[in-house]
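Here's the structure, in structure tokens; my notes come after.
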Amino acid sequence: MELVVAAGLVPTSARSLRRLKLIQPRSIEATLAALRDADDPVLLAGGSDLVARFNEGLDPQELVTLAQVAELQTITADSQSLRIGAMVTHADGSGHAALRRQAPGFAAAWGGIANPRVRFTATLGGNIVAQRVRYEAAVLLAAAQARLEWATPQGPRSISPQALWSDDSLQRSLLTAISIDTADLAAYFYERSMRPLLTFAVGLRWRGDGLHLCCAVATEYLRPHLLELTLPHSDLAQVAREAREVATAAFTRLPESFADPSLTAVYARSAGAALLARRLQGLKSSPTEGAQHG
């Protein structure tokens, strides 16, 4: 029987893949060394996206598995922030006690993406590093104003989720963790009822005498676009009372270029503003993290 190289038409199997050299580092330093020394390395995290890439024709020579790098699989927290290891799965992360306590809105949003089979295997780091616009982690992290922490041959680096789309200098580097500042986070929620047509996540943070709204909007075909608005409100209940005005002001900032084969910018502004207003109307008056909605 002649074997067929996978290219999107024939599902990949063990018979259609070339023999791979498996590299199993046990530390971040060893992983960087493996990436440096290998000819054609591919990282294996949860594996969900890697299977799709094999089906699309990916044909690597070396597979660097991260399963034994314990440093990438932990969540740490203090009163000001959360640090989520890149290898933490969607299921483990969204159900983690510290995350549910300090960022319940983000935890609820994270726990609702994908399907149960994917949530128990796919990782947060793998989801965003894949750079597929239909994956949802980029939307969630952009609205949370998260930072992506990298180990590189030149030393540690920290970038925004948006910067990853245009940064070509991280190919032989390793995403180690995602950090989220929770000290000033007043509310967070994710709207995916129109997915894949339109999704958006919103983070509200206390800044000075008011609130800063950060809304990350995306579609099946478009990468997240940030809408940011400074609000003079001193209480979330005020935002709830003026939800329609706030939502309209936010989505008015969506550019005409935000359009794809199934969506126009005009429709995105109208539908997005209506959905955002409905979510803002549900905000509670308490300025504490407990006011976050999922």
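Points worth noting:
- Centroid-to-centroid separation of the range 84-162 and the range 221-280 [C-alpha atoms, Å]: 23
- By the Cα gyration tensor, the range 17-115 has an equivalent ellipsoid whose semi-axes, rounded to whole angstrom, run 30, 18, 8 from largest to smallest.
- Cα gyration tensor, the range 150-217 - rounded (a/c under 1.5), prolate or oblate: oblate
- Across the protein chains, with a 1.4 Å probe defining accessible surface, the residues Thr123, Thr252, Thr74 rank Thr252, Thr74, Thr123 from largest area downward.
- What the Kirkwood sum gives for the range 214-258 is a hydrodynamic radius of 11.7 Å, with every pair of different alpha carbons counted.
- Per residue, the range 172-289 exposes an accessible area of 42 Å² to a 1.4 Å probe, with every protein chain left in place.
- Estimated FRET transfer efficiency when R0 is 35 angstrom, pair Tyr267-Phe120 (beta carbons, to 0.05): 0.50
- Each Lys and Arg contributes +1 and each Asp and Glu -1, all at the Cβ; summed about the Cα centre of the range 116-256, the dipole is approximately 520 debye.
- Counting only heavy atoms of the protein chains and using a 1.4 Å probe, His96 has close to 60 Å² of accessible surface.
- Estimated D of the chain in µm² per second, where Rh is the Kirkwood radius over Cα pairs and Stokes-Einstein applies at 25 °C, 0.890 mPa s: 121
- Estimated vicinal HN-Hα couplings, Hz - the range 72-79 in sequence order (Karplus 6.51, -1.76, 1.60; Gly, Pro = x): 8, 10, 10, 10, 10, 8, 10, 5
- Test item: Cα-centred dipole of the range 172-230, Lys/Arg +1 and Asp/Glu -1 on Cβ, debye: 260
- Gain on full stretching of the segment that runs from Asp209 to Ala67 - 0.36 nm per residue minus C-alpha separation: 46.6 nm
- Placing +1 on the Cβ of every Lys and Arg and -1 on the Cβ of every Asp and Glu, with no other charges, gives the chain a dipole of roughly 600 debye about its Cα centre.
- Once divided by 2.2 N^0.38 Å, the Cα radius of gyration of the range 87-217 becomes 1.04.
- Accessible surface of the chain, 1.4 Å probe, proportion on carbon and sulfur as whole %: 52
- Cα Rg, Dmax (largest Cα-Cα span) when computed across the range 199-277, Å: 12.8, 41
- Using a probe of 1.4 Å, the accessible surface attributed to Leu82 totals some 0 Å² when neighbouring protein chains are kept in position.
- Placing Tyr267, Tyr221, Tyr190, Tyr135 in order of accessible area, with the largest value first and a 1.4 Å probe, yields Tyr221, Tyr267, Tyr135, Tyr190.
- Ranked order, Leu35, Leu44 - accessible area, probe 1.4 Å, largest first: Leu44, Leu35
The values are calculated or read from the model by the stated rules, or taken from the named source; none is laboratory data. Remember, it's a predicted structure, so these values are computed and weren't measured experimentally. Quick reminder, even Gly has a Cβ in these numbers, built from the backbone with ideal geometry, and neighbours come from all protein chains shown. Surface areas here come from the heavy atoms of the whole protein model, side chains and all, with no ligands, DNA or RNA. Shrake-Rupley method; radii C 1.70, N 1.55, O 1.52, S 1.80 Å.
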